[in-house]
Amino acid sequence: MSNVCFLAGGDVCVSGHDSGPVFEEQPSSLIYPEGLTEGKVILSCQARASPAASYRWLVNGTEVPLGLDLRYTLVAGSLVISSPESVRDTGSYQCLAINRCGTIVSKAASVKFGYLNDFPTDSRSPQTAYEGAGTFLACRPPPHYPALSYRWFINEFPNFLKNEKSDGRWFVSQVTGNLYLAKAEQNDTGNYFCFTTINMDISSKSTFIYSPTLVPLKYPTNPRKSTPSIKVRFPAETYRLAGQTAQLECFAYGNPVPKLRWRKVDGLLPAKSGSSVEGPTLTLPDLSFDDEGIYECEAYNSQGSDAYQGRISVQAQPQWLQVMSDSEVEISSELLWSCIAAGKPKPSVRWLRNGQSITRLKISNLALEDSGMYQCVAENKHGTIYSSAELRVQVQAPDFRLNPVRKLIPAARGGQVKIECRPRAAPKPSLFWSRGTELLTNSSRVTVAPDGVLSILNISRADEGKYTCFAENYLGKANSTGHLSVRDATKITLAPSNADINQGENVSLQCHAAHDPTMDLSFSWNLNGVMLDLEDSAGSCLIQAGVYTCTAQTVVDSASAVAKLVVRGPPGPPGGLLVKNVAETSVELRWSRGYDNHSPIGKYVIRGRWPSNIEGNAESARVIGLMPWMDYEFQVIASNILGSGEPSMASHTVRTQQAAPTVAPSGLGGGGGDRHELIITWTVSQYQNGDGFGYILAFKRTEAPTWTTLKIPQVDSSRYVYYNDSLSPYSPFVVKIRAYNCRGEGPFSQIAVVHSAEEEPTLGPLGINATALSAFEIQVSWDPIHQLSTDVLLRGYEIRYWRQHEREAAADRVRTLGQETSARVSGLRPSTRYHVAVLAYNSAGTGPSSPRTTVTTRKPPPNRRPGNISWRTDDAWVTVRWDHVMALHNESAVLGYKVLYKHEGQSTLKVLDKSRSTVKLLLPKDNSYVVLEIRSWGEGGDGPAHEIINGSPSYLFGLPLHLLSLLVLLALISPAGL
């Protein structure tokens, strides 16, 4: 009878020749732009099968009318939809791959259509906000699919806000598209546009709308300061799939602009959140179940703080933990396939046979028609996965052609042998053995197992001969014969000896054996059961430390001998490191002894800066000198006379107990600010020692009897602004600061003296004078101010200068420090009239302007180099001549020339100021050289230079030109103003 499987319908799947379909490509979901009717949607499908598979497609469970609707085309197995339309083609698509061995169904792929409508054309009224107050501009995006990304620009495209604003005042929500402003300022006035973009698989689209004009209103006094108020909040419950990215948004109004920070309430913030932990959007990529929990956003400034919390819940699509595999089973047997899938929520599992649902997959008394393609389907609300396998039910008379009994079966005398009998047959055949004409039955030496394996123990020469296996089922009979040949046993004649060495030493282990001379002998070594790769065919090897087994082997038997090699070395790592009895500044460590490597442990060392001489018989230690409320992890290292071992595994991270602060904040100082303000600053403390950390600030006027004390409950605060209308300018205050937490208060810092904000100068300088030095530079001088009051400090003077046709508001500025009463202003334009004014300044600002004066820069120097350079040498002299440079009518007159030169061995350049167009220079007697550069000068400054090292002679001044070219570089680095 032929070996075949039958499918329902009569088609035949030939075993050993045919194979059922296996997907190599499956369709993927896509979003197609709505209205793009000239394009095509392509859903891929390709299966490996023999014979080749044919294909059908389903949409929403209904067969796609291939051949009836010309919009649908099948290319290989892929479905192509021409001129796709949203109404007709939106849906869930599946591919069916079919051949005579069975049918499989692909995963589902959705086809959806994306769109972005235009914004409505209705106008929006101007929007006002008080200076210092928060506000937002609504985007109100038009209908769209899928989600949009949002940006805003101001006044004109592409002046996007993210490039304009870097002070943390602005935030664009990617959930609503709204633009939020933490604190309005006068320069925020402008026309704002909401810019939206949609991204699809083959294209993207953008549109924008003119939002209200923003008009900040000025307060009659300084803008009011305010505590943060969170206005953009992430959902109270956020669901994401494992592997996805979660983005939580948080933004607050407040003055000063609030800072934002994130934390995980019920654990440590994941390290993958990176720099986003201090911004308006917390980004958590590649989510895992460890990332589940409650997250908090805190907004804080010098006036206070606000916080908001929400939970992230992580779920998961189905994933296979166990799948079925292709099976060939005998007719009338039983099949039980199983599939196990993980996911959250827990997936349900169902089964398909040749694409059709079946209730369960347990088949008793298998028949030929049960052959086919089976699929296990696991699904939850987040997705569906498929696993496929082929079942072949076999029927066959016994046949030894593919697996006969071995023709020659060697065996060692005194050993044992197993002879297999494994014919192909279905159903399973009855098996029995004979030796010659004698039927074998079970005895003390001979056993015939149910699976047909013949075992013979304690073999002798009398067991040699022919052995035949007979197989029979209801379809027929067959047999196969082999010959058993008995050989001499293999024996170890020289076994390796035990040895005891120190780590790093070598030892030689030898092994010899006797064997049957008709067979080849091979040796192998293994270390603790692991085979070693040795090239010494003589059976001996040079090895290092270990425990070894030598095996001598022929094709019929083997013999082994074991040698134990004791290796003395540094200890192994201690185990089971635990942290106990955690206190404020100490913990107790406990561990178990590691392997001593045959040398007693002398001591333990706790990795870090803690006590390091712990007796070798100890298994615990007290670690002291820790900081309260700090995270620590520990490792212990054992050592002996042979060295230190590997450290233990790190302990779990522990946090020491809380304690009152012990260190006062440092860096106390301050000053500056606006009128009527006292600004106090300090360095953020690194030693919080506990939860509920903050600062206690105390200050008073130097002559006042009592201190003003206040609490600042922000961990990262480093600045406090005290405002009082009655505060006199530059008044001295004494200040001190201490830290506190939930366990108490720490010591006060040393007292520092801080002055209140200065008052800007009330007088302007007099005696202003401006003189043109060249075409590009002027000198400005003025009389010093002496009549400043005691509460007005003078930091320096500010020079303002602007061209005659410009407004003073556009003036450039140069500042001096201290009591300097003159300064040079450079970078000016030639032949240009400038207005100049001088103002006194300090940290509060600038005082009134001096009377303005005017100055005109000189004409520019001639724009031509000295030309027609020539030179003549005479003994130890070189004379250089050039043509006089003539100035044009719009250039300043030439008053002389500057000559730059350098002798060999000298490190400095020299300048000659000449009124004539010739120069005579002395040449040293040691055949050295001179490098020259010549430029004109006059009232307008220096003209361009002419380097004399550009002539054609091979040698100049006795030096080759290739060396002179190196020295030209030295001439070129000289300043143009020489």
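Points to keep in mind about this one:
- Sole exception among (1) more than 22 Å from GLY114 (Cα to Cα); (2) under 29 Å from the mean Cα position of the chain (by Cα); (3) in contact (Cβ under 8 Å) with a residue 40 or more places away in the chain for LYS218, by number: (2)
- VAL838 being closer than 30 Å to GLY673 by Cβ and of a type in the set (Val, Ile, Thr): yes
- A single entry from ALA367, ALA426 fulfils the requirement of being buried (at least 19 other Cβ atoms within 10 Å of the Cβ) and not assigned by the TED database to the domain that holds PRO517: ALA426.
- Conditions (1) of a type outside the set (D, E, K, R); (2) closer than 29 Å to ASP463 by Cβ; (3) open to solvent by 50 Å² or more (accessible area, probe 1.4 Å); number of the one not met by GLY482: (3)
- Lone unmet requirement of (1) aliphatic (A, V, I, L, M); (2) under 26 Å from GLU298 (Cβ atoms); (3) surrounded by 18 or more Cβ atoms within 10 Å (Cβ to Cβ); (4) under 38 Å from the mean Cα position of the chain (by Cα) for ILE154: (2)
- Pick from segment 715-738, criterion under 15 Å from PRO661 (Cα atoms) and in contact with a strand residue (DSSP E or B) (Cβ under 6 Å, 6 or more places away or on another chain), ranking: surrounded by the most Cβ atoms within 10 Å (Cβ to Cβ): ILE737
- Restricting segment 216-242 to residues that are under 23 Å from TYR180 (Cα atoms) and modelled with pLDDT under 80, the residue that is least open to solvent (accessible area, probe 1.4 Å): PRO216
- Which numbered condition GLN686 fails, given (1) modelled with pLDDT of 90 or more; (2) surrounded by fewer than 18 Cβ atoms within 10 Å (Cβ to Cβ); (3) of a type outside the set (A, V, I, L, M); (4) not in a strand (DSSP E or B): (1)
- Residues in segment 137-151 that are surrounded by fewer than 20 Cβ atoms within 10 Å (Cβ to Cβ) and either of a type in the set (Gly, Ala, Ser) or under 19 Å from TYR253 (Cβ atoms) (or both): ALA138, ALA147, SER149.
- Counted as qualifying within segment 771-822 are the strands (runs of 3 or more DSSP E) with 2 or more residues that are of a type in the set (A, V, I, L, M, F, W, C) and closer than 29 Å to GLU891 by Cα, namely 777-783, 796-803.
- Residues in segment 856-867 that are of a type in the set (Ser, Thr, Tyr) and open to solvent by less than 30 Å² (accessible area, probe 1.4 Å): THR857 alone.
- The residue that is farthest from ASN724 (Cα to Cα), counting only those in segment 189-215 that are open to solvent by 30 Å² or more (accessible area, probe 1.4 Å) and among the aromatic types (Phe, Trp, Tyr), is PHE208.
- Failed criterion for LEU402 (all others in (1) over 21 Å from VAL22 (Cα atoms); (2) in contact with a Pro (Cβ under 7 Å, 6 or more places away or on another chain); (3) of a type in the set (A, V, I, L, M) hold): (2)
- Looking across LEU788, LEU766, one residue alone is at pLDDT below 90 and out of contact with any His (no Cβ under 9 Å at 6 or more places or on another chain). It is LEU788.
- Of all residues in segment 21-52, those satisfying the criterion of being under 20 Å from GLY372 (Cα atoms) and either part of a strand (DSSP E or B) or at pLDDT 95 or above (or both) are PRO21, VAL22, PHE23, GLU24, GLN46, ALA47, ARG48, ALA49, SER50.
- Residues in segment 835-855 that are closer than 21 Å to SER731 by Cβ and either open to solvent by 10 Å² or more (accessible area, probe 1.4 Å) or not aliphatic (A, V, I, L, M) (or both): TYR841, ASN842, SER843, ALA844, GLY845, GLY847.
- Restricted to segment 393-464, the set of strands (runs of 3 or more DSSP E) holding at least 1 residues that are in contact (Cβ under 8 Å) with a residue 12 or more places away in the chain and polar (S, T, N, Q) comprises 396-399, 430-435, 454-456.
- Candidate set: segment 809-830, residues that are farther than 30 Å from GLY938 by Cβ and small (Gly, Ala, Ser); chosen: the one least open to solvent (accessible area, probe 1.4 Å): GLY818
- One residue stands out in segment 705-757 among those that are aliphatic (A, V, I, L, M) and either modelled with pLDDT under 90 or within 23 Å of GLU298 (Cβ to Cβ) (or both): the one that is nearest to the chain's Cα centre (by Cα), namely VAL715.
- For segment 102-157, filtered to residues that are in contact (Cβ under 8 Å) with a residue 40 or more places away in the chain and β-branched (Val, Ile, Thr), the residue that is farthest from VAL393 (Cα to Cα) is THR128.
- Residue-level check: of (1) exposed (fewer than 14 other Cβ atoms within 10 Å of the Cβ); (2) modelled with pLDDT of 90 or more, ASN178 misses just (1).
- Of the strands (runs of 3 or more DSSP E) contained entirely in segment 53-128, those carrying at least 3 residues that are touching a His at 6+ places or on another chain (Cβ under 9 Å) and surrounded by 14 or more Cβ atoms within 10 Å (Cβ to Cβ) fall at 109-116.
The values are calculated or read from the model by the stated rules, or taken from the named source; none is laboratory data. Just so it is clear, the model here is predicted, and its values are computed rather than measured. Cβ: placed from backbone, ideal geometry, glycine included. Neighbour counts: every protein chain shown. Keep in mind that these areas ignore ligands, DNA and RNA; they rest on the heavy atoms of the full protein, side chains included. Shrake-Rupley method; radii C 1.70, N 1.55, O 1.52, S 1.80 Å.
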